[in-house]
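All remarks here apply to the structure that follows.
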Amino acid sequence: MIKAEYTDEQLSEMREDAFVNIKEACLRLQERTKCGNDVVIKMLNQVTQFYIEQDEKTK
């Protein structure tokens, strides 16, 4: 992946967009599966760990 430089404003907008999209995806998952917040938290932690590992590979 290409590393890019972003302004604080661009980063803020990307974070806001990502938050909204991830939140909507989690809500859809909960609506479909009737799973609790604990399942969503575990899933998000696994996604976080995936990206941490990917980042460590590139260093």
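We did not get these values from a lab; they are worked out from the coordinates using the rules stated. It should be emphasised that the depicted structure is a prediction, and the values quoted were computed from it without experimental measurement. Note that we place each Cβ from the backbone using ideal geometry, even for glycine, and neighbour counts take in every protein chain shown.
Ignoring lysines fewer than eight residues from LYS57 along the same chain, the ones with Cα atoms less than 18 angstrom from its Cα are LYS3.
Give the aspartates and glutamates whose C-alpha is closer than 18 Å to that of LYS23, dropping any in the same chain fewer than 8 places away, or say none. Once the sequence-local aspartates and glutamates are set aside, what remains near LYS23 is GLU13, GLU31, ASP38. In order along the range 54-59, phi translates into HN-Hα couplings of 4, 5, 5, 5, 8, 8 Hz, rounded to whole numbers, per the Karplus curve 6.51 cos²θ - 1.76 cosθ + 1.60 with θ = phi - 60° and x for Gly and Pro. Legend: calculated FRET efficiency, THR58 to GLN10, from the Cβ-Cβ distance at R0 = 22 Å, rounded to 0.05, equals 0.55. Just so you know, the Cα atoms of the chain work out to an Rg and Dmax of 14.4, 40 Å.
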